[in-house]
Amino acid sequence: MSRYNARVVRDIKARMGVKDNEILRRAYLYVARNETLPAQVRHQAQLQLNSFDKYTRPTTVKNRCIISGRGRGVMSDFGLCRFQFRLKALRGELNGVQKASW
């Protein structure tokens, strides 16, 4: 992973954390939001949710360019920002992508 930008490493860590804890987080969230359950049970579920690491929250995952780490203008099909996509397309490194001409 040393070839990645620090932001990309952080995003990969967040993606793995979300994937590993998704089912447990959803269960606690369901219990915490269920108003038919007693308040004490809901409160305990909310405390469990709060004890999770910040990288287990789905909102921490952001699409980033896998080369530069840029967070804007990312084409999710390729995982590249516009500039890196353009460079790789012009060099012919992307299968099925070629410069348009008409």
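The values are calculated or read from the model by the stated rules, or taken from the named source; none is laboratory data. Model, not experiment: these values are computed from the prediction. We place every Cβ from the backbone using ideal geometry, glycine too, and count neighbours over all the protein chains shown. These area figures cover heavy atoms from the full protein model, side chains too; ligands, DNA and RNA do not enter into them. Shrake-Rupley method; radii C 1.70, N 1.55, O 1.52, S 1.80 Å.
Numbers for the structure displayed
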read-out	value
Ratio Rg/Rh, restricted to the chain and using Cα atoms, in which Rh is the Kirkwood radius	1.22
Under 14 Å, Cβ to Cβ, from LEU49 - net charge with Lys/Arg +1 and Asp/Glu -1	+4
The chain - percent of accessible surface contributed by carbon and sulfur, probe 1.4 Å	51
13 Å beta-carbon shell around VAL31, net charge (K/R +1, D/E -1)	+3
FRET efficiency for LYS62 and ALA89, using Cβ-Cβ distance with R0 set to 25 Å, rounded to 0.05	0.60
Whole-number accessible area per residue in Å² for the chain, which is evaluated in the context of all protein chains at 1.4 Å	79
